[in-house]
Amino acid sequence: MPDGDAPLDEATPRGQRYGVGERLDHSPAPDAGDLRRVAFEEAAVGLAVLSADARLILDANRAFCDLVGLAPDGLTARPIADLLGPGGVLAEGVQVWRRGDGGPVDVRVRRSGTAGTVLVVEAVDADEAARSAENRDALVAAGLGEWRWDALSGRLTLSRRAAQILGHPPGPSVTWAELKAGIAESEATRIRALVGEAMAQARSYAFECRLKRAEDGREIIIGARGQPVRGPDGGLSGMVGVVQDVTTRVEARDGLMARDQRLRVATSLARLGIFEWHMLEDEAIWENDRMFEIFGHGPEDGTVGKNEFLNDILHPDDRQAVRRAISTALREDAILHTTGRIRRRSDGAWRTIDMAGRFERDAPNRLPRRLIGVVADVTDRRVAEERQTLLIRELHHRVKNTLATVQAIVGSTARTASSIDSFYEAFVGRIKSLAHTHAVLTEDTWQTASLRNLLLNELKPYAEEDGDGDGAADGRIALDGPEIDLPSEIAVPIGMAIHELTTNAAKYGALSNRSGRVAVAWAMLPDSPNGTLRFAWRESGGPTVLPPSRQGFGSRLLQRVLSTQVQAEVETTYAPDGFSLTMLAPLPPRNDALNPLT
């Protein structure tokens, strides 16, 4: 390979310059120049020679041509910028180049020779291409050091962070036997068994153990993760993994377990989390498992300091109020009490917490060093309180509506009744219908009532049963429509309307003789946000129908109550062959907050 002191003759065509592969002169054994050319052409990595200004490609070997997908003739005197990716800057390291067909290729570039005019280029796999400097910085920021064990040499290769944790030099600097010297024999036996089992099952493994650092003898606790690496023949070629210094985390966890049992029992029963926040270090110690549950953390996730709590976990709308409460408690040396919403790590749900605490000082008139406090998750209690308030308001509204309906029933029935007996009969029937509708609602915790059930309750007594119980087999009563659950806001007035229609049909219409027939059809129309109920009542086969001479309570209910409470469009027809009613009623949205079961 050219080394800078024997530059290539740019005037000599490729192939004649060194006489390799296309020699026409049948010369004797190749000289040193020929051998260099052979090494250049047959190198396993891509090699390219650039012009003195590093702009043009003067020569390239087969591996380079294959890598970029271009023939040798297509590379000679070609600007190197044609192969570079976005930005067009030739640099060392992993880059994305353009192949001859325009597709990308991940390569690692090294520059050699005089002024860097010789390029050494090789392909990299997807994992290596994705392993950028930012990834390595992220591992270091997370306190993770990488390591690799080679089965052939028996040595561990440590990254700088891993070497810093274990107290050994970076690189292939330590064997397992040397590393084991800093681990207790029982721990080493446990690790050997765990790793052996993982390798036999071709899976990853993880463990924690105490270790004395080789550099200074200081005992630390490490957490290690690893997985076996197989060679082309399927045999074990090594292992790779990460290591982390988890001393602080493990000691904090062990400290939690060693706390007074009575305190843990008391706080567990009260569902309180206990914490300490050390202000100068901005470090938190969570004293019981309830703190981890409230914040959705596992022991391996660690605790949360003030900055992370205020800037990342606390809801943005609550941060100012919580900061103000902390400042007030500090300034006035008072008990801290504040409320806010936090995003739980485990599932991302927002939870409402109450937090109370007291700042402790080492001496009077000195700044406090730590905050000791408790945290309670009050989400369910707040939701229950809001739901209870809403239910009370809704119950008040519905009782008022019910009493108004009863009052209207009494007044109108009294005005249209011809005797005490007729008043009693009409009044009791209407109250029973109202009571039945309420009973259907209470079965679904005051949420919905089935339209079909409301119809069956009123019409079933007028049908000749055949044993199936739907009251429609003989053709006297016909019900046709999908299952529709009416929200409570409209179930009561529609139930009363069905009662009035049935009563009128039994007194004057199709149900007043043996040959009459009532057909009810309904459907949902998708023409409003929650749909519109189309309800059609048709009577036939009864006495000849005459338009009413006066408007009774039933007519007023159908026209007024349905229009006012249901916002329905009602159309009635008094055809001689039978009365009919058509109603279009928009359904209100269902308020799930009123359901005590959710």
Pick from region 147-160, criterion under 39 Å from the mean Cα position of the chain (by Cα) and over 14 Å from Pro228 (Cα atoms), ranking: surrounded by the most Cβ atoms within 10 Å (Cβ to Cβ): Leu158
The lone exception for Arg430 - which of (1) under 13 Å from Leu501 (Cα atoms); (2) at pLDDT 70 or above; (3) more than 51 Å from the chain's Cα centre (by Cα) it fails: (2)
Qualifying positions in region 311-344 - crowded, with 16+ Cβ neighbours inside 10 Å and within 18 Å of Trp286 (Cα to Cα): Ile313, Leu314, Leu336, Ile342, Arg344
Residue within region 390-400 that is more than 25 Å from Asp282 (Cα to Cα), modelled with pLDDT of 75 or more, part of a helix (DSSP H, G or I) and in contact with a Phe, Trp or Tyr (Cβ under 9 Å, 6 or more places away or on another chain) present: no
Hey, Ala325 part of a helix (DSSP H, G or I) and small (Gly, Ala, Ser) or not: yes
Search result, residues across region 568-585 that are over 15 Å from Met496 (Cα atoms) and surrounded by fewer than 19 Cβ atoms within 10 Å (Cβ to Cβ): Glu569, Glu571, Thr572, Thr573, Tyr574, Ala575, Pro576, Asp577, Ser580, Thr582, Leu584
Residue ranges of helices (runs of 4 or more DSSP H) in region 32-106 with at least 3 members more than 52 Å from the chain's Cα centre (by Cα): 32-42
Given (1) hydrophobic (A, V, I, L, M, F, W, C); (2) closer than 16 Å to Gly305 by Cβ; (3) more than 24 Å from the chain's Cα centre (by Cα), number of the condition Ala363 does not satisfy: (2)
Test: residue in region 442-452 that is assigned to a helix (DSSP H, G or I), touching a strand residue (DSSP E or B) at 6+ places or on another chain (Cβ under 8 Å) and at pLDDT 70 or above: yes
Out of Thr582, Thr572, sole residue that is modelled with pLDDT of 90 or more and either farther than 18 Å from Ala449 by Cα or not in a helix (DSSP H, G or I) (or both): Thr582
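The values are calculated or read from the model by the stated rules, or taken from the named source; none is laboratory data. Note that the coordinates shown come from a computational prediction; the quantities given were computed from them, not determined experimentally. Here the Cβ is made from the backbone with ideal geometry for all residues, glycine too, and neighbour counts use every protein chain on show.
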